[in-house]
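Mind looking over this structure? Questions follow.
The values are calculated or read from the model by the stated rules, or taken from the named source; none is laboratory data. Computed from a predicted structure; not experimentally measured. Because the Cβ atoms are built from the backbone with ideal geometry, glycine has one as well, and the counts that use them run over all protein chains shown. Heads up: the accessible areas ignore ligands, DNA and RNA and are worked out on the full protein's heavy atoms, side chains in. Shrake-Rupley method; radii C 1.70, N 1.55, O 1.52, S 1.80 Å.
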Amino acid sequence: MSETSVGPGRIDSSKRTWLIASSCAGVVGGVATAVPFVSTFEPSERAKAAGAPVEVDIGALKPGEKVTVEWRGKPVWILKRTPEQIAELPKHDGELADPQSKRHPDEFTPKYAQNEHRSIKPDVLVVVGICTHLGCSPIDKLQAGPQPSLPADWQGGFLCPCHGSTFDLAGRVFKNKPAPDNLPVPPHMYLSDTRLLIGEDKKA
């Protein structure tokens, strides 16, 4: 009777396939376990959106220009106003619903922004770009002069496309508009002449 022997260095092909499959499964399982563990060392997007301060360099921002950054999942506008735009701010106080930002100051206007220009520095406006009516984002209407959906004596500002609320270049809402309040000023402070920190104002 003859027998076929398998040498010590040879492995049955079905066993080889099983060993390869088991090894691959082990590697995949190890990676799947390690990735969530390693990712805990990095701040998540959710943690950032929960309110981590955002640092912004505004050194290159020219008069008349605006930049938008995200803080807490909201758009924050940083507008560098021209001297002419600053000079126009007090001229239409009588047309505004809350020119001195006295309504709900704790919610909408920190103490350091309760002034005519609603900012720490007169030339730099920092506001959350969300309408206080139903949460739409207003659009820029920074140029003065007659334009569709705006008064003939328009001096520049923002228009909410959803229901027509208008805001001046300090984010203050005009009278008889759906929005009940001015655009919110987020907590912010200057780290230097050209660096802003949005979301924190301990030194302000």
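How large is ³J(HN,Hα), in whole Hz, for each residue of the stretch 129-136 in order, when computed from phi with the Karplus curve 6.51 cos²θ - 1.76 cosθ + 1.60 and θ = phi - 60°, using x for Gly and Pro?
x, 10, 4, 7, 7, 10, x, 6
Can you give me the distance in nm between label points at Gln143 and Glu116, each placed 7 Å from the Cα along the Cα-to-Cβ direction?
The two pseudo-label positions are separated by 2.7 nm.
Additional query: Once you keep just the Cα pairs under 8 angstrom separated by 6 or more residues, what percentage relative contact order results for the stretch 55-184?
24 percent
³J(HN,Hα) across the stretch 101-111 via Karplus (A = 6.51, B = -1.76, C = 1.60, θ = phi - 60°), whole Hz, x for Gly/Pro?
Taking θ as phi minus 60°, the curve returns 6, 8, 6, 6, x, 5, 8, 10, 9, x, 4 Hz for the stretch 101-111.
Measuring with a 1.4 Å probe in the full set of protein chains, what accessible area per residue, in whole Å², belongs to the stretch 115-204?
For the stretch 115-204, the solvent-accessible area averages 43 Å² per residue.
Same structure again: Quick one: what are the phi-derived ³J(HN,Hα) couplings along the stretch 72-77, Karplus 6.51/-1.76/1.60 with θ = phi - 60°, whole Hz, x for glycine and proline?
6, x, 10, x, 10, 8
In addition: Highest mean first, what order results for 71-77, 155-161 on Cβ atoms within 10 Å?
Taking the mean over residues of other Cβ atoms within 10 Å, the ranking is 155-161, 71-77.
Turning to a different aspect of this structure: Taking 0.36 nm per residue of separation and subtracting the Cα-Cα distance, what length does fully extending Asp123 through Asp93 add?
9.0 nm
Search the structure for amide H atoms under 5 Å from the amide H of Ala97, placed 1.01 Å from N in the peptide plane, and list their residues when 5 or more places away or on another chain.
Val173, Phe174, Lys175
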